[in-house]
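**Q** Have a look at the structure that comes next, please.
The values are calculated or read from the model by the stated rules, or taken from the named source; none is laboratory data. The structure presented is a predicted model; accordingly, all values stated were derived computationally and were not measured. A quick note on method: Cβ atoms are made from the backbone with ideal geometry, for glycine too, and the neighbour counts reach across all protein chains shown. Just the protein is used for accessible areas: all its heavy atoms, side chains included, with ligands, DNA and RNA removed. Shrake-Rupley method; radii C 1.70, N 1.55, O 1.52, S 1.80 Å.
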Amino acid sequence: MKTFAIKGNFCYSEDIEKIRCVPNAYLICEDGVCAGLFRELPERYASLPVTDFSDKLIVPGMTDLHLHAPQFAFRGLGMDMELMDWLKTYAFPEEAKYQDLAYADRAYTQFADSLRRSATTRAAVFATLHVPATELLMEKMENSGLISYVGKVNMDRNGPEYLCEISAQASLEATERWITDTQSKFKRTRPILTPRFIPSCTDELMHGLRRLVEKYHLPVQSHLSENFSEIEFVQSLCHDSKFYGDAYDRYGLFGGDHPCIMAHCVHSGEAEIALIKKNGVFAAHSPLSNANLSSGAAPVGKLFREGVNVALASDIAAGETENLFRSVSAAIRASKLRWRLVDQKIYPLTADQAFHIATVGGGRFFGKVGSFAEGYEFDAIVIDDSTLPHPQELGLHERLERALYLADDRHLCAKYVAGNRLF
Ligand code: GUN
Ligand code: FE
């Protein structure tokens, strides 16, 4: 791959507390990796092609570590229920449509196009239980230029008849066929094991998925401690478990020896948080979803300060938009409500911390991603904030802070993933 220089105003998360802003600087990208950020272009790079973004803001791309591609169709609809009723009324009927490849083609084209234009450069995506439609989604994600994990969903109990695999064995066979079909088919798109959540998966299925983790060395994604009725249901299904996360851990599907993403963690208690931390599980914080489905305000400040891997997630369609700027500001607001109403000892997230979670926090699931420090893969978005007028002078940090609250895809004028320019 080629080496090139980018010029403009750079802002990135220097550590968990602080955004570093470097005006009018040059970033060198060598084979897709950041090779240095300089205030003057060093002599040894003088012959490189330079793309000049003049006064625009250049920031690391964001990672959306949990979203449902088939639910994109009904984003912004049906927010009047809690999780279990919402699944039955809205999510399951829509997901059943992906049996039809022509429908999946139309819907997934719209999904992948929207993600390509968004601030998201990396993602971990749920598909449905249907293998052909999941493979189609993987092709579309590959062509979008994003780097992503995509999961064929496993669900063999407690679903409606029209969206439930007929047995654990049938689910496992379909999953293994899908893994062997796709695990080395794409450059940017990889399979991830995706038991929907414990209510949807029999013991036999979960034990089988553990065998697939070992055989194919795959990561795992699922849902954890999102809603009170859900948590009660899990406890009734797994009597011996000490808490929800412990139930996943007993199946061997809660990190430790494999990368693992758990969405939500709204009601995770001390013991669950300790296990999340010990096993290196990524908590995918989804503040828009948690408010829309009245799930609650997650202890994101606590998770973050205790050193858990915290990432940001849109959780489309329980979260209404793929625009992660909105999730960043929602994460700050959720942490403030929790501070005021639930736990006065855990201070709210600052903008710098929320930005860290959106970039480095989720990027870490993919390796050295989410920063412009040397050695990080070059994922970037270029923000043109000139259409957000202001009469006063603003510094770079203030301009970025405003963008976190106000920007969407209309303010993005360029995007790079691992050094490839998407637009
Ligand atoms: N738990 C199980 N399935 C889902 C889903 O599709 N969305 C959300 N938000 N939570 C879930
Ligand atoms: Fe979800």
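**Q** Under 21 Å from the mean Cα position of the chain (by Cα), under 16 Å from A331 (Cα atoms) and open to solvent by less than 10 Å² (accessible area, probe 1.4 Å): does that describe A380?
**A** Criteria not met by A380.
**Q** Here's another thing I want to ask about it. Can you tell me how many residues in the range 361-376 are under 22 Å from L27 (Cα atoms), open to solvent by 10 Å² or more (accessible area, probe 1.4 Å) and out of contact with any Lys or Arg (no Cβ under 6 Å at 6 or more places or on another chain)?
**A** Of the residues in that region, 5 qualify.
**Q** Of all the residues that make up the range 224-242, how many are in contact (Cβ under 8 Å) with a residue 24 or more places away in the chain and either over 18 Å from L205 (Cβ atoms) or in contact with a Pro (Cβ under 9 Å, 6 or more places away or on another chain) (or both)?
**A** Of the residues in the range 224-242, 11 are in contact (Cβ under 8 Å) with a residue 24 or more places away in the chain and either over 18 Å from L205 (Cβ atoms) or in contact with a Pro (Cβ under 9 Å, 6 or more places away or on another chain) (or both).
**Q** Only one residue in A133, A104, A127 is within 13 Å of ligand 1 (Cβ to nearest atom), within 26 Å of S167 (Cα to Cα) and of a type outside the set (D, E). Which one?
**A** A127
Yes/no per residue for (1) open to solvent by 10 Å² or more (accessible area, probe 1.4 Å); (2) part of a helix (DSSP H, G or I); (3) under 30 Å from E272 (Cα atoms):
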| position | (1), (2), (3) |
| --- | --- |
| V125 | no, no, yes |
| K140 | yes, yes, no |
| N158 | yes, no, yes |
| Y162 | yes, yes, no |
| E173 | yes, yes, no |
| W178 | no, yes, no |
| K185 | yes, no, no |
| V234 | no, yes, yes |
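**Q** Residue by residue through the range 249-260, note down the ones that are open to solvent by less than 60 Å² (accessible area, probe 1.4 Å) and in contact with a helix residue (DSSP H, G or I) (Cβ under 7 Å, 6 or more places away or on another chain).
**A** If the condition is that a residue be open to solvent by less than 60 Å² (accessible area, probe 1.4 Å) and in contact with a helix residue (DSSP H, G or I) (Cβ under 7 Å, 6 or more places away or on another chain), then D249, Y251, G252, L253, F254, H258 are the ones that fit.
**Q** Which condition number does S225 fail, the rest of (1) more than 16 Å from ligand 2 (Cβ to nearest atom); (2) in contact with a helix residue (DSSP H, G or I) (Cβ under 7 Å, 6 or more places away or on another chain) being met?
**A** Among (1) more than 16 Å from ligand 2 (Cβ to nearest atom); (2) in contact with a helix residue (DSSP H, G or I) (Cβ under 7 Å, 6 or more places away or on another chain), the lone unmet condition for S225 is (1).
**Q** Hey, among the residues in the range 288-297 that are in contact with a helix residue (DSSP H, G or I) (Cβ under 8 Å, 6 or more places away or on another chain) and within 12 Å of ligand 1 (Cβ to nearest atom), which one's nearest to A247 (Cα to Cα)?
**A** This residue is S295.
**Q** Here are some residues: I346, I316, I332. Which one is farther than 30 Å from A35 by Cα, more than 16 Å from ligand 2 (Cβ to nearest atom) and open to solvent by less than 10 Å² (accessible area, probe 1.4 Å)?
**A** Result of the check over I346, I316, I332: I332.
**Q** Scan F111, F74, F92 and give me the residue that is in contact with a Leu (Cβ under 7 Å, 6 or more places away or on another chain), under 28 Å from N143 (Cα atoms) and within 15 Å of ligand 1 (Cβ to nearest atom).
**A** Sole residue among the options that is in contact with a Leu (Cβ under 7 Å, 6 or more places away or on another chain), under 28 Å from N143 (Cα atoms) and within 15 Å of ligand 1 (Cβ to nearest atom): F92.
**Q** For the range 385-407, give me each residue that is open to solvent by 50 Å² or more (accessible area, probe 1.4 Å) and in a loop (DSSP other than H, G, I, E, B).
**A** Matches in the range 385-407: S386, T387, P389, H390, P391, Q392, E393.
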